[in-house]
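Reading through the structure tokens given below for one structure.
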Amino acid sequence: MFEEGAILKRRWGEENVFDLSIGNPVMEPPVEFSQELKRLVENPLPGMHRYMENAGYPETRAAVAAQLSLETGIKFSMNDIVMACGTGGALNVVLKTILNQGDEVIVFAPYFMEYGNYIDNHGGCIKVLPTDERFMPKLDALEAAITAKTKAVIINSPNNPSGAVYSEDLIHRLGELLRKKESQYGIQIFLISDEAYRKIIYDGLKYPPVFGHYLQSIVVTSHSKDLALPGERIGYIAMHPNCSLREELMGGFIFCTRTLGYVNAPALMQHVVRNLQHVTVSVAEYQKKRDFLYGHLVEMGYSMIKPQGAFYMFPKSPLEDDVAFVNELRQWHVLTVPGRGFGSPGYFRVSYCVDDKTLEGSLAGFKRAAQKFNLC
Ligand SMILES: Cc1ncc(COP(=O)(O)O)c(C=O)c1O
């Protein structure tokens, strides 16, 4: 989508293409980021660009642990944290550590499309389960799908692409179900929580941490979205301090960070984010964009669940064939992504982490498509 967008912009001119297809945040990192970067450049630490422990700098891991302790009420230490090359890097390290050939990993559609590739990278088999009409995992479907070969369940809330935020009650019931299945099969099932959007939540909702509800939980996240640093590849893995396999898993994460060739997360960024654990881009700004686009699209007749987090919305496609509808929008120079790319045909994803001019410019195309398919 990134490359196709670039081609269309060259052909029609940047200002005539309304690219709502990718989650590349338009916002610049918060001012604290450049202050911290400047401070480091002006006061370099001795050896700050050298190799380090594969897990990352102890001071950065301790800062992440302190922030997590604050957010969850559970005591984390640096020994529960491994710094990673973004959420994508973190997921690959975790999956390489836990998967044996043929192990099953359960995900819920719609889901971030790279999960399938990451699971495949490490010999696992993806099992995709449906969600309900509000994009919440169906626990009865999960109960039926877990087998003796199930190694992990991946959840992603706030969700890409639906914007859904899971409730504490849902996470609690999920934890209960996984415990029940663990004892039924005598296995260990890991709950991998992809929290790339944890800090981007609207309407005053609070994010319920998974750690309070399941001991075998592993959080993977990054500062790609909350500090708008996707190109810098900085994130982390956090393991529940009381997980029964904690030592073995942490050893695995550290070893796999090395053998996957990451070696360690980028040094400079580890120094920078150490003091930014409490900082986030303006969520109010994203909420304004959500309200603007959601209001207009619903008024035009598009049908969708109001997103509560992340920076995507996932309307129903007015045509059964979501690819055909995305092509229709493209004729009006509006770029979106078909739902089938997320395991949910019949929908399309709109990314609103773009500037206001792009959002405003896209409305005409959405309107023409709405009129053509009699939504209004
Ligand atoms: C749900 C989800 N997980 C992981 C990632 C990858 O994030 P990162 O850039 O930190 O690797 C993304 C990126 O868009 C995402 O949407």
Q | Cα lying deepest toward the dipole's positive end in the chain, options 239, 363, 164, charges on Cβ | A | 239
Q. Amide H neighbours of residue 348 under 5 Å, counting only residues 5+ apart in sequence or on other chains, H built in-plane at 1.01 Å?
A. 317, 339
Q) Cα centroid distance between the stretch 1-66 and the stretch 317-376, in Å? A) 28 Å
Q) With a sphere of radius 13 Å drawn around the Cβ of residue 179, what net charge do the other residues whose Cβ falls strictly inside it have (Lys, Arg +1; Asp, Glu -1)? A) 0
Q) Mind listing P(r) for the stretch 124-216? All alpha-carbon pairs, 5 Å bins, whole percents. A) 3, 13, 24, 26, 19, 10, 4, 1, 0
(Q) If the only charges are +1 at each Lys and Arg Cβ and -1 at each Asp and Glu Cβ, what is the size of the charge dipole of the stretch 232-332 around the Cα centre, to the nearest 20 debye? (A) 380 debye
Q: Just the number, please: Stokes-Einstein D of the chain in µm²/s, Kirkwood Rh from C-alpha pairs, 25 °C, 0.890 mPa s.
A: 114 µm²/s
(Q) Charges at C-beta only: +1 for Lys and Arg, -1 for Asp and Glu. How large is the resulting dipole of the chain about its Cα centre, in Debye rounded to 20? (A) 160 debye
Q: Can you run the Rg to Rh ratio on the stretch 250-376? Use alpha carbon positions and the Kirkwood inverse-distance Rh.
A: 1.14
Q: Starting from the Cα-Cα distance between residue 260 and residue 173, subtract it from 0.36 nm times their residue separation and give me the gain in nm to one decimal.
A: 27.9 nm
**Q.** Size of the stretch 40-143 as Cα extents on the principal axes (Å, biggest first)
**A.** 54, 32, 24
Q. For the stretch 1-72, what is the convex hull volume of its Cα atoms per residue in Å³?
A. 208 Å³
Q) Once the dipole of the chain is set up with Lys and Arg at +1 and Asp and Glu at -1 on Cβ about the Cα centre, which of 76, 200, 297 lies farthest towards its positive end? A) 76
(Q) Can you find, among 250, 220, 342, the residue sitting farthest towards the positive end of the charge dipole of the chain, where Lys and Arg contribute +1 and Asp and Glu -1 at Cβ? (A) 250
Q: Kindly provide the chymotrypsin sites (Phe, Trp or Tyr not before Pro) of the stretch 13-96 that DSSP labels as loop, not H, G, I, E or B, and whose Cβ sees at most 13 other Cβ atoms within 10 Å.
A: 51
Q: Quick one: pull the percent of accessible area on the chain belonging to carbon and sulfur, 1.4 Å probe, ligands and nucleic acids left out.
A: 51 percent
Q) How do 373, 2, 108 rank by accessible surface area computed with a 1.4 Å probe, from largest to smallest? A) 2, 373, 108
Q. Among the lysines, which fall within straight-line cross-link reach of residue 306, defined as a Cα-Cα distance under 18 Å, with same-chain neighbours fewer than 8 residues apart omitted?
A. 199, 206, 288, 289, 316
Q | Local net charge near residue 233, Cβ-Cβ under 15 Å (Lys/Arg +1, Asp/Glu -1) | A | -2
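The values are calculated or read from the model by the stated rules, or taken from the named source; none is laboratory data. Bear in mind the structure is a predicted one, so any value in this text is a computation, not a measurement. Quick reminder, even Gly has a Cβ in these numbers, built from the backbone with ideal geometry, and neighbours come from all protein chains shown. In case anyone asks, the SASA skips ligands and DNA or RNA and just uses the protein heavy atoms, side chains included. Shrake-Rupley method; radii C 1.70, N 1.55, O 1.52, S 1.80 Å.
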